[in-house]
Structures are given as structure tokens and as C-alpha cells.
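These notes are about the structure you will find just below.
The values are calculated or read from the model by the stated rules, or taken from the named source; none is laboratory data. All of these numbers come straight from a predicted model, not from anything done at the bench. A quick note on method: Cβ atoms are made from the backbone with ideal geometry, for glycine too, and the neighbour counts reach across all protein chains shown.
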Amino acid sequence: MHVYILRRLILMVPVLLGLTVIVFLIMSMIPGDPALAILGSYATPDNVEKLRADLGLDKTMVEQYWIWLTNMLQGDFGRSYSLNRPVLDEILERFGATLILAGTSLVLCTIFGLLTGVISAVRQYGWADKALTFAVLIGISVPSFWLGLLLMMFFAVELRWLPVSGMYAIYGGGDLPDLIRHLILPSVTLAVVATGIIARLTRSNMLEVLRQDFIRTARAKGLDENRVIYRHAFKAALVNVIPVIGVQAGFVLGGAVYIETVFQWPGIGRMLVNAISTRDILLVQGGVVLVAGSYVLFNLFADVLQHLLDPRVKA
Amino acid sequence: MTSNIATAPDIKAKKRSARPSAFKLLARNQLALMGAAILALVIALVLITPILPLPDPDVTDPAQRLLPPFSDGHFLGTDHLGRDLLSRLLWGTRVSLAVGISASLVAALFGSTIGIVSGYFGGRTDNIMMRGIDMLMAFPYILLALAIVAALGPGLMNALYAIAVVNIPFFARNIRGVTVGIAHREFVDAAKLSGKGHIRILVTEILPNVMPVIVITISTTVGWMILETAGLSFLGLGAQPPQADLGSMLGEGRKLITTAQHLSAIPGAMIFILVMSINLLGDGIRDVLDPRLKSGALARPAPLTKIDRSDEGTGHPVDDDTVLAVDELRTEFVLGDDTYKAVGGVSFSVGKNECVGLVGESGSGKSVTALSLLGLVASPPGTIAGGRVMFDGKDVFDMSERQVRDIRGGKAAYVFQDPLSTLHPLFSIGDQLVEAIRAHNAMSYKDAWAKAVKLLGMVRIPNPERRAENYPHQLSGGMRQRVGIAMALANEPQLIIADEPTTALDVTVQAQILKLMNNLRTDHGTSVLFITHDFGVVSEICDRVAVMYAGRIVEMGTTEQVLGNPAHPYTKRLIDCVPRLGEPDRRTAAIPGLPPAVNNLPAGCAFADRCERAEDKCRVGEISFDDLGDGHGVRCIKPMEAANV
């Protein structure tokens, strides 16, 4: 087990390196002079030259990458021009908020996705299955940013049950109940698409597993149907669904960009959108590397979990 | 998400021979048709938008701002600058559709090129390209698009490129998979030998064959891409004013969410309708192309086979010392319009402490017979269509699910072939044994575990305490079969139904398992129904034998009678197939021809077409099962002479 985790950790290094190379290459696609792009067309030639030196633009690409990478490894992600503070401070501050939102959503979509999929499979072609299958189809077709607005209009603006936006109330907030109240709408919205995808996959996997010979064996043993479905079939199906839940972590982290914008959630997604508008390239770079890196970590976690559940999986 | 696409060409080939689809599929197709209709309507509307009598979408009119829907002259109202919302919606849909479709085409072009090249050349090219694709997939989807937009700057074209790039991996992977499958087929080799260059082969041989997969991948991703480009515009990173797509309209509407809700509700609904209709259509196409749905292979099998008895057998009384009596059992599979009569009226019995062999070629219906006994035939598509199974004096087909469950694994237990697939791969064998024990005995987990270890010892598994903690894949084939037998023994059954328990094993292990089963019979007085295709095995363990052909018993008798004095030509031929020790020159002739398909059985004797003794009267009417005396019976008009011995 430990060997497996260690191996996976070592295998992660080239992935993370590749990730930084891609981010670096994308950022070097910036048309024209990045320094000029950052400072705007009113910048003085002096300032542009100084920034060019700051950014290391006078060096070769490989040197630039190396400097960027080693600085990053030492915790120096550069300085945000629009916020005038170190990039790392900003992204770490924001990242917590995103993790709370994305983490809650991931828990929600896992629970409801598995539940929906299993019920659908057990009641195959029954009315519950038909209703759930249709709901799932709506779930994966609905634009989350629109759904967020609709929920906000209804539950926050019309009914006033929940706060409209933000993470804490401006006055008198800040405690856990306050956070949860603010968290409900954005996390539910963010979870909808992923719930649909997990539900679909769980349903088809359950149906696939229920045809397997070992299910017939379980029945031949005289086990009752609940045990056959919820112990034998579900465990076998779950093993196939877990990697997809890992992939959903990526959809949820990415989708957070929309939801944070809609609900004014002070996370890294909204920061990225703002940073792109203000052409704050270093902030974008740092944010993307951090989020993508944490996604890689999460996938590692999903792999380890699958390994724990399925004794057949070898590294 | 799109992994099953890779097999699409095969599916298509099969489809031609398939029967018309079932009603359930039709219902799904209706949804798909609905999706197609909505999509066609939207596309038609959008195409004729320029000639519709609509106001200019960009002309502002502050006096008319924020009119609600259904206002005079503005069917959907106006926005914050007094622009007509219906006009803007249709023009915006045009942009969104165009951008989404273009992004799909760009992704399809680059992704397919990478996939084809990677799959065709293989080796190092493949390795490097696929590592690159893996890297792209290591990013959370939208994040990569954001990074690209960040570099290129906000704008509709840049959003298009960004969404296209992040979708390239889907195409590259799918197309590569299919290309790998055809890159070494004969027609490609032929093209190479004829001196065609790589590029010509790629374009003229490979591309036409992967085209269907490319089209299917486009149809499953285009909705997603429309959604994502709209999303970037919504964030203000796509379409820039005055140009508007559905996403940027929604983004603007959001700012007025408390005062003019229609401004965000309407463009969002349009995106939703578009994506939903595309998804409906895509799902429908995939369902129709998937042959598993037709065959019912994706239907959930019920805990008990569907019983639909038109008759209840001959109703002959059952002897007291008979454990199992099967009376005119018929089991059918309905696939499409075809009915496969897998078991077509089978009668036999198993007495106390008796071992009865059920012998036949694969497809003769012997396994289905075994599974039918306790309603374990998967249904759908299986149905028990008639007959009676009396177990311990009671009719199994009259029992409730719960009563059958009590017998299963209790008084009657199964041993299956191939225990690698019949044991649950994710539970330890001890755990699976405990479950079998506790299904019929109120016992603590600890006591049951101790009993499980004892059972493993009984079937001669060395070191049973340790082995109980192993998973099936950690054991050898022979060991796994012993576990299967241990599981059958868990509750001291009266009857063991063993379905080819030795087929997957090599000869020495086979002998050990047979010996084990024989011992169990003598030690515990258990009855055994032994299903096999191997007469060698039969002679070692069985008291009586029934020979099955095309779903019916053609000969039955004691092992000596049937093996030493076969009356049915089929039995004779089957026995002749077995090589004998010390007779190297003996002809071991295979039987010419194939058994008839059980969905299209001929009149008369099913074996007639393969029988050298067949006459015209063999092919008419029902051939009766005649008693030859001493419990030896045969279903043949001209049984072999006893002189053949």
C-alpha cells in the first residue's frame, strides 16, 4: 500500500512538470510584448524596459521557464500588478474559499449521483427510473451559470430564504451557520452537472454489473435481493465510478469559475476572471498552476481509494 | 464520457442484420426525434433571421428600455438600452451556434489528425503524442480554456480557439483507438504493398473508415462546446460589445437580475433548449447504435426467472426417495421477434444419494436446465414457459421468491464453472463463505468465519486460516473451484447442482475435484446433478446419465447402459469422439455439421440432419421418448442395436 502511494507520488512529478510547461507555453503565446500588454499603451518606454527585465523577457525561453519554475518552487509566484501584492498570498487566500465551495459540491454530487444512479438501475424502466433519467438529462444540459441565476432569483430574491451572494454576511456574519447559508445555493448549482454525469455512469455500471456471473452466484447462495444489490453489485460498480468522480473534481473546480462569478464567491475562479480582464498574467499563471496541481493531487487520491477498494488493481 | 464510441463501426455492421427495435427503444427514439425537431426548428429560425421582419438588434431606444415580454412591437420585451430582445436572441443564437459548431469542427480537425497519425504510425510517435494529450487532460477542463483566453486576450474568436483546444483530447483519444484497430487490417497492408505513400493511405484508406466515429464524437461534444463558449462570453471573456451571443446577453442580463429578470431568463433558456435538444438527439443515436439495448443485455435480471407456465408437466406422482423431479421443463429466451427454445420439455429425476449426469455439447441446453431448477436464468430475456420442478416434494415454480431463496444455497446448492467470474472479485473468499453460511443460519460473524475456515479445510485447501483472507484472483483455478464447492457445502445441502465444475481445470486438478465430490457423496449422502460435456468425467462419477441435444433429452439410462450400449446415434457419436487409452488407432470422428438453432428447430428429430441413419420419417412429427426396459430410454425411431456392444 505504502509502496503504491509512493510510486504514484513519484509518477506525479512528470505530470506536474508537464503541466507547468503547458502553462508556460500558453502564456508565451501572448501576442506582442507582454510587458506592454500588462502596462497598457500609455506606459513609458522606461517602465516597459524595466518590466521586461523584471519578467526576464530578455532571456531565452528555456531560461525563462527555469527561472519561473525554480522561483515557484521556492514559493515566489511573482507579484500581481493589478493588486500590488504577492501572487502567492492572493491565491492562497482565495483558494480556501474555492476549496470550501468545490469540496462541498463534490460531496453533494457524489452522494446524489450515486444515489440517483442506483435507484435508476434498480427501478429500471419503471417510472422512477424514467423521471430520474429525464432529470439527469436536464441536469447535464442546463448551463450552470443560468441555473445559478434562476435559483438566486427564486430562493434569494423572491422567497428571501437564502442570501443572494457572497461568502459571509457583511454585518454580524462570519460564523459557520452563516457560511452554510451562503454556501447552499452556489454549491448545489455547481454540483448539478457532475451529479448528472455520476448518476448516468452509476446506472449503466450497475446494470452492467448486475448481469455478471458473480451476481448470479450471490443469488444462488440465497442472499436477499437488497444484499445482492447494495453490497455485491454496488461495490463492484463503485470501483468503476470512482475514477470518474476524480474527473468530476476537475469539472467542479473548473465550473467554480462560473459559479463564483454568479454568486460573488471570493474564490480563485472569480480572481482568475478578474485577472484575465486586467491582463494580470502572473496572477493567472499562479492561479492556474495551483488549481491544476490540486486537481492532479485529487486524482491521485481517487486512484488510491480505488486501489483500497479493489484488490486487483496494481500500480 | 465518450469511450463507447470506439466500437461504433462494428456496431453499425451488426445493425444491418438486427431485428426491428423494441417498443422501449421506440419510446427513446421519440425523445430523440423530439430533440431533432426542436433543433431543426431553432436552426431554421436562425437561418431565416436576416429576412424576418425584426428590428435591428443593435439599435438602441432609451425611451423603450426594459419593456417586459409581450409588449407592443417587442414580443420578448427590450433590454436596458431599449434593444428588441427577440431580435437579439435570434441573432445571438446564430452567433452561439456558429461558434459552437466551428469550435467542434476545429477540435475535430486537429484532434482527429492527431488521433489518426498517432494510431497509424504507433510506436514512438504515438507515445509522444498521447503523453501530450494526457498532459492537456491533466487540467481541469475550463481552466485550460481560461488560460488560453488569458494569453490571447478576451474575444469571441479566442474563446472559440480555447474551447476547441480543450476538446482536442476527446477526439484524439477516440479516433486513435479506432485507427489502431484498423491500421493493421488487410486493406491497409494491401495499400502499402501497392506502393501508396503514408499520406495517401491515411486519406484514402484510414479516414473513410474513422469518419463515422468522428461524426459521432462531434455530435456528442457540440452541445457541450456551445455551452462552454456561451460560458466564456458570460464571464465577459468571449463576445465583446456590440457583438452579442447568448452567453454575453446572459452576462448583461445578470446585472439587472432584480429588476428585469427576463433579460437573463430568456437567453439562458435558449442555451438550455439548444444543448438539451442536441443531447437528446445524441443519446438517441447512441442508443439505437448500441446492440446491447436491443438484445435486452442491459436490462436488469430479476431475482427470480419469470415463470409463465402454459402447462404444468405430466403431473406424474413423485417417488418418496426422489430429491429432484423435473417434469417437461421448458425454458425460452425471447430476443426481438425470435423465441429461442433453449430447453424444450425436459424430464428427469435425481434420487437420494444419487449422482445424475446431464451431458451434451455446448448450446444443448444443459446449463439452462440447471439454472432453471431454482429460477436463476436471467430474465429478461429468459422465461420458464412450462413444466414442473419438484424439489423435496414441493413445486419450485409455485413458491414465493422468499421460499426459493431459502432453498438456494440451503437445501440445494450450485457449483458453477469458471469460479474466477462466479466469485465476487472484491470480497475475500472467507467473507463470501461467511455470507453463504449466514444467509441460512443465524450465526455470529466470528462463528461463521470459523466454520468457513473449516469448510476450506474440508475441501483440502492448505492453510485455510490464511487462505480465507485471500481474494479470488490470488488463488489458482483449482483452488477457486474448491472454494466454489466449499460454498455449496456451507449449509449441508441435500442436492448439489454442479455446472461443469471441472471444465476449466487441467486433468490432474480435475481428478482431485472429482474425487472430492465423490467423497462428499459417500460421507454426507448428498445427491448430485452433474452437468458436463465430458463422458470421461461421467463414467467416473455418475450413476445415471441423461444426454441432451437441442434442448431435449435424447437418451437416458444408467451409466453402464448409456456408455456401454448407446441407443441413440447421437450418443454413439459423442462417445466415439472420446479418445481411449490403449486404442491409438481408433477413429475419433467429429460429428459433421452443427446442432440446429433453437429458434428454428426442424420438425421431427433435431439430430436428423447430422445422422447417417436418418430416414424420411425421422423428419415428421414428434419423436417420442421410448422405454427400452430397465430404465433405459431413447428418443429415436431406429435405436442402435444392442448387438453393437
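Things worth noting here:
- Among the residues of the stretch A:217-271, the one identified as under 30 Å from B:LEU489 (Cα atoms), β-branched (Val, Ile, Thr) and buried (at least 24 other Cβ atoms within 10 Å of the Cβ) is A:THR217.
- Figure legend. Inter-residue proximity from the stretch A:239-258: first residues in contact (Cβ under 8 Å) with a residue 40 or more places away in the chain and more than 7 Å from chain B (Cβ to nearest Cβ), second residues part of a helix (DSSP H, G or I) and charged (D, E, K, R), beta-carbon distance below 8 Å, spacing 6+ or different chains. Indicated pairs: A:PRO243/A:ASP303; A:GLY246/A:ASP303.
- Number of residues in the stretch B:98-117 that are closer than 24 Å to B:GLY251 by Cβ and surrounded by fewer than 21 Cβ atoms within 10 Å (Cβ to Cβ): the value is 4.
- Of the residues making up the stretch B:77-101, those that are free of Cβ contacts under 8 Å to residues at least 60 places away in the same chain and more than 12 Å from B:LEU246 (Cβ to Cβ) are B:THR78, B:LEU81, B:GLY82, B:ARG83, B:ASP84, B:LEU86, B:SER87.
- Within the set A:ALA169, A:ALA131, the sole residue that is surrounded by fewer than 14 Cβ atoms within 10 Å (Cβ to Cβ), more than 12 Å from chain B (Cβ to nearest Cβ) and among the aliphatic types (A, V, I, L, M) turns out to be A:ALA131.
- Looking across the stretch B:365-397, the residues that are within 14 Å of chain A (Cβ to nearest Cβ) and outside any helix (DSSP H, G or I) come down to B:LEU373, B:LEU374, B:GLY375, B:LEU376, B:VAL377, B:ALA378, B:SER379, B:PRO380, B:PRO381, B:GLY382, B:PHE391.
- A:HIS2 passes every criterion in (1) in contact (Cβ under 8 Å) with a residue 40 or more places away in the chain; (2) away from every other protein chain (no Cβ under 14 Å); (3) closer than 30 Å to A:VAL304 by Cβ apart from (1).
- Selection count, the stretch B:410-456, where residues are crowded, with 19+ Cβ neighbours inside 10 Å, small (Gly, Ala, Ser) and in a helix (DSSP H, G or I): 4
- Scanning the stretch B:163-214 for residues that are among the hydroxyl-bearing types (Ser, Thr, Tyr) and crowded, with 20+ Cβ neighbours inside 10 Å returns a single hit, B:THR179.
- When residues in the stretch A:107-122 are screened for being closer than 12 Å to A:VAL188 by Cα and crowded, with 23+ Cβ neighbours inside 10 Å, 1 of them pass.
- Every condition in (1) more than 10 Å from chain B (Cβ to nearest Cβ); (2) under 30 Å from B:PRO419 (Cα atoms); (3) part of a loop (DSSP other than H, G, I, E, B) is met by A:TYR230 except one, and the failing one is (3).
- Checking each residue in the stretch B:232-247 for being under 30 Å from B:ALA172 (Cβ atoms) and out of contact with any Phe, Trp or Tyr (no Cβ under 6 Å at 6 or more places or on another chain) picks out B:LEU232, B:SER233, B:LEU235, B:LEU237, B:GLY238, B:ALA239, B:ASP245, B:LEU246.
- Residue check for A:ILE119: within 30 Å of A:MET167 (Cβ to Cβ) and within 14 Å of chain B (Cβ to nearest Cβ): no
- Candidate set from the stretch B:225-241 (those that are more than 9 Å from chain A (Cβ to nearest Cβ) and assigned to a helix (DSSP H, G or I)); member that is surrounded by the most Cβ atoms within 10 Å (Cβ to Cβ): B:LEU232
- Residues of the stretch B:242-257 classified as within 14 Å of chain A (Cβ to nearest Cβ) and either more than 18 Å from B:LEU90 (Cα to Cα) or part of a loop (DSSP other than H, G, I, E, B) (or both), total: 5
- Of all the numbered requirements in (1) under 26 Å from B:GLY551 (Cα atoms); (2) surrounded by 23 or more Cβ atoms within 10 Å (Cβ to Cβ), B:MET390 misses one, and that requirement is (2).
- Residues of the stretch B:135-157 satisfying the condition of being more than 8 Å from chain A (Cβ to nearest Cβ) and surrounded by fewer than 21 Cβ atoms within 10 Å (Cβ to Cβ): B:MET137, B:GLY155, B:MET157
- Among the candidates A:VAL192, A:VAL164, A:VAL157, residue that is within 24 Å of B:GLY231 (Cα to Cα), touching a Gly at 6+ places or on another chain (Cβ under 9 Å) and within 14 Å of chain B (Cβ to nearest Cβ): A:VAL192
- Residue tally, condition in contact with a Ser or Thr (Cβ under 7 Å, 6 or more places away or on another chain) and either hydroxyl-bearing (Ser, Thr, Tyr) or under 26 Å from B:HIS198 (Cβ atoms) (or both), over the stretch B:121-171: 6
- Flag set for B:ARG88, criterion: among the charged types (D, E, K, R), under 28 Å from B:MET249 (Cα atoms) and part of a helix (DSSP H, G or I).
- Residue within the stretch B:569-581 that is within 21 Å of B:LYS341 (Cβ to Cβ), at pLDDT 80 or above and not in a helix (DSSP H, G or I) present: no
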